[in-house]
Amino acid sequence: MLDHILSILIFFPALAAVLGFVVHKDSMRSYGVAVSIIEFALSLWLWYAFDNSVSGMQFMEQVALIPAFGINYIVGVDGISLFIVILAAFFTMIGIASLTDTKDIKNMIITLLFLQMTMVGVFFALDAIVFYVFWELSLVPMLYIIGAWGGPRRIYASVKFFLYTFAGSLVMLVGMLFMAYFYYQATGQWSFALLDWYRLILPETFQLWLFVAFFFGFAIKVPMFPFHTWLPYAHGQAPTIGSVILAAILLKMGTYAFIRFSLPLFPDAAVFFMFPIAILAIIMIIYTAMVAYAQKDIKQVVAYSSVSHMGVIILGTFALNVEGISGSIFLMIAHGVVSGALFLLVGVIYDRRHTKLMSEFGGLAKVMPKFATIFGIMMMASVGLPLTINFVGEFLSLLGFYQQSHILTLLAGIAIIVGAIYMLAAYKKMFFGEVTKEENKNLPDVNKRELIALVPLVIITIWLGIYPKPVLGPINTSVEAVVELMHEKAQSEEAKKRIPKIVEDIVITKTSMKEAH
Amino acid sequence: MLSPINISMESLNLMTLAPMLIPVVGALLILIVDLFKSGQDKSMYVMLSLLILGIDFAALLESAGVFAKDGTVMGVFDVMLIDGLAIISQFIIVAASILFIPLALTQKRFHEFAYPEFFALFLFMISGFQFMVATDNLILIFVGLETASLALYTLIAMHNRDKSFEAAVKYFTMGALAAGFYSFGSMVFYALTGSIEINQIASVLAANNYADIGFVLVAVVFMLASFGFKLSMVPFHTWTPDVYEGSSAALAGYMSIVPKIAAFVVAMRLFEFLIHSGVIWLEVVLYVMVVVTMTMANIWALVQSDVKRMLAYSSISHAGFVMAAILIGTTQSNSALFLYWILFSFTNLGSFTMLWISRQKNLPHGQSSDHSFDKFAGLVKTSPLAASIMALFMLSLAGLPPFALFWGKVYMISSAVTGGYTVLALIMALNSAIAGYYYLKLIVYMFMKEPIIIHDGDVSVTNATLPLKTIIGVATIGTIFALVAVNPLLEFITAFVYNSGY
């Protein structure tokens, strides 16, 4: 069974979704929870069976789909994708478990299970077309979730979300087709397999163009400044579950794809674009932090802070060294946990008051002490307080980029401090002071169902903040392989210099060990 | 004294005519049946037509086998040309017809199906299309084209609504103009080269190194205009939405597939050598035409308030997209054309059939046209299955993976990349994004809006019967599981196209 565990992980939720059409709607929630628990358990089993010392792909499967055109169903997992998939399974589980009274709950859960299939598929796919299939397919359930269960401007938000990402991905598709064509020219065979592409060394000019083509697809998904305008709408109108999944998992597809595609395929181009992208990332961090400060709606604050932190992930990725990339992957998971939790928390208060305006609240710490505590912990984690999960990722990302540029890193660091200001201000507005509104006096505190969803997140936040090694170890191993590959493939002097050589370091330590002897 | 002509029957190779003659004989049979006992039920004629088309399909399998073994076969004084293109396109024509004809078995009574002439004309039309693709003789192409078109005009007019007559007359007028252009273009070619066979024309022109380039260009302009009408390329597209709106949804779906594949094959035969001859001007004109057709049709489709008109513009846009294959002119692009069109047939016929089964006899209050967007608002509430299937077709048309059309799109854009048309590839990709909006619009109406018009009963299936549902089932399965079929199709098509020398 372990030979096919990846396919099982991908298609189990889809199968469950199809069978879900038969389940009666009163039992649908339990069905959804049960399915997602099984899926989560399977993903944990994968982690258990995963060999931490191997840097390459594990549990690979290959089925020919269109061999005449080089399209094959290839899936595999390494340290980079493993934890994001576990995160996806985890968030689908607590997302379904914490679903409050939703109309058409049956459709919602079926949609969520389909969405889970696409999410898991994206992170396991090792064939560009299969990747693209899942990548595009993930738009449809999300479109439906925002469009059918969202706020008053849901249709505008969902269509904007869909078209933005769709347009970007089509440019990426052209890039993929070019990549396959170059492979065809080099070898005489069509192939969309990522591992085949890794072996292809392209001239720098080609790399630049292809990098740009892929960049459109990924940057819109992340979303990077200036392509971020769809996200606040999507978050603003989406139901809680939609925002949670969007922030925790779907956005990670973009940053993950940068590491999976852009960096190893186009190392020279990555070095060429390092500073422009870093500057974009820093603008993104500062600008969205400032916008977040100006928001009146707590959900928008969380949304913009989420964009801001995605900037740090990008910065870490484009540090192009092991610290930076490992840090950015860890931060992806951290950001998933923290912003997912924050959106859940906003959902909790929205369910009670049906408003998200901060001016409507105030003094909630007195009325809802448990809620205030959890919100406080998560907010601190979001700000990057040491000993919380975000700190590890942010620190490593910045440390990585510090080796490339001191000034830019300093700017980013300052921006993170700015980030603390808006979060603390928002917290102050909502939780401290006197209870001014009559409606807020008797708000019930978090109930059991909500605690089931929130407490594990708090535990993870603190656990991985204190002891990140179980997650960071496998990530590091795989990232070293990626950086090594990039260094090997890089052609320009600049790129060789910027991307560190890993193997040599080991050789040096070996010789130094000999000397020590 | 004329000397007697001695030609052995062997050399005529009459078997090449078999696939075209089967529908003709079938059509005559239907007329004879009517002669003996009129007033038969339409179901009898439908099944009879199905059987005849089945035999036709079997005959095609036979000639495909011959082609795979011996290569291109000529027959009947070398007028018939049974090459890979002819065989694949005939497969598409006959298969799409097989999927179309059961759509006559509707719940509601539509009077055109009461006439046996409808089915006879339908079979004549198929035979016309088959002749058109299985020759490179400009006159026989013309004969086939006119046989098919005249039958088609009548089929449209038989739908018997105000707009149907308008549509038929409009189509007829435009078709007559196109025929005029076509004959004038052929005449110039004949004057230049003394031949009406496309390969002869090509070799004569190549031999004198395009000395009379001015006249060649005149001929090409007329041919382009003629095929522009048939393929509904902008700016010759104006008839399309009106004709689609006037004809029944089923026939409109059929028209968006079969006449166009026939015209594509002829265009491929004709323009291929012209593009490769290095007549740079033609390439520019075709390039502009392809881009404008794709883009403008997409933009017009955005503002339609009727689903059928939207689909009409979308089919124009798809035709432009596919026309790019002829511009690129490589084996890969020509194979992509056929792959795309096969996958497109399933999805497009499916979506038009969905309109067909929701066709009401009389418009309810507040509904402006037969298939307005408002009619489909909130469909997911009343019939989730119909809404899901319709959404599936829309997603496939938008090119969302892993549904049918995505694979056609990928292969087509890839052929543009391989052929060196980078900008065109990008334009094609971005056009798919624009198209995404109007396909999404229908999904938004069905899934995210509340019902606007109060219908009595379930509007999505007013016209449904078991045969119609079967066709939709076939189209749905074809759309979802296209992935499985792409590889064998691709190998088959590529082999046939390559061995025909395209």
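A few points about this structure:
- B:D136, A:D26 arranged by Cβ crowding within 10 Å, fewest neighbours leading: A:D26, B:D136
- Relative to the dominant Cα principal axis of chain B, helix B:482-499 is inclined by about 20°.
- Total formal charge among the other residues, if their Cβ is under 12 angstrom from that of B:L468, Lys/Arg +1 and Asp/Glu -1: +3
- Likely footprinting exposure, B:S388, B:S63, fewest C-beta neighbours within 10 Å first: B:S388, B:S63
- Summing charges over neighbours of B:N137, with a neighbour being any other residue whose Cβ is under 12 Å away from its Cβ, gives -2 when K and R count +1 and D and E count -1.
- When the helices of chain B are scored as -39500 (n - 2.57) per DSSP H run of n ≥ 4 and the total is divided over every residue, the value at 222 nm lands at -24500 deg cm²/dmol.
- Computed from Cα positions, the angle between helix B:280-302 and the longest principal axis of chain B comes to roughly 10 degrees.
- Qualifying lysines (Cα of each under 17 Å from Cα of A:K252; at least 8 residues distant if same chain): A:K221
- Each peptide in A:434-447, B:322-335 receives the mean, over its residues, of other Cβ atoms within 10 Å, and ordering these scores from highest gives B:322-335, A:434-447.
- Exposure proxy order (Cβ contacts within 10 Å, fewest to most) of B:F481, B:F91, A:F371, B:F129: B:F481, B:F91, A:F371, B:F129
- Dipole check for chain B: with +1 at the C-beta of Lys and Arg, -1 at the C-beta of Asp and Glu, and the Cα centre as origin, the magnitude is about 1200 Debye.
- Using C-alpha pairs below 8 Å separated by at least 6 residues, the relative contact order for chain B is 16 percent.
- Computed from Cα positions, the angle between helix A:5-20 and the longest principal axis of chain A comes to roughly 40 degrees.
- Nearby lysines by direct alpha-carbon distance to A:K496 (threshold 27 angstrom, same-chain neighbours under 8 apart not counted): A:K510
- Shielding by partners - mean other protein chain Cβ count within 10 Å, residues of A:162-175: 6
- Partner lysines for A:K437 [C-alpha distance under 18 Å; skip if fewer than 8 residues away on the same chain]: A:K296, A:K356, A:K366, A:K428, A:K429
Bear in mind that the values in this text are calculations on the coordinates, not laboratory data. Computed from a predicted structure; not experimentally measured. We place every Cβ from the backbone using ideal geometry, glycine too, and count neighbours over all the protein chains shown.
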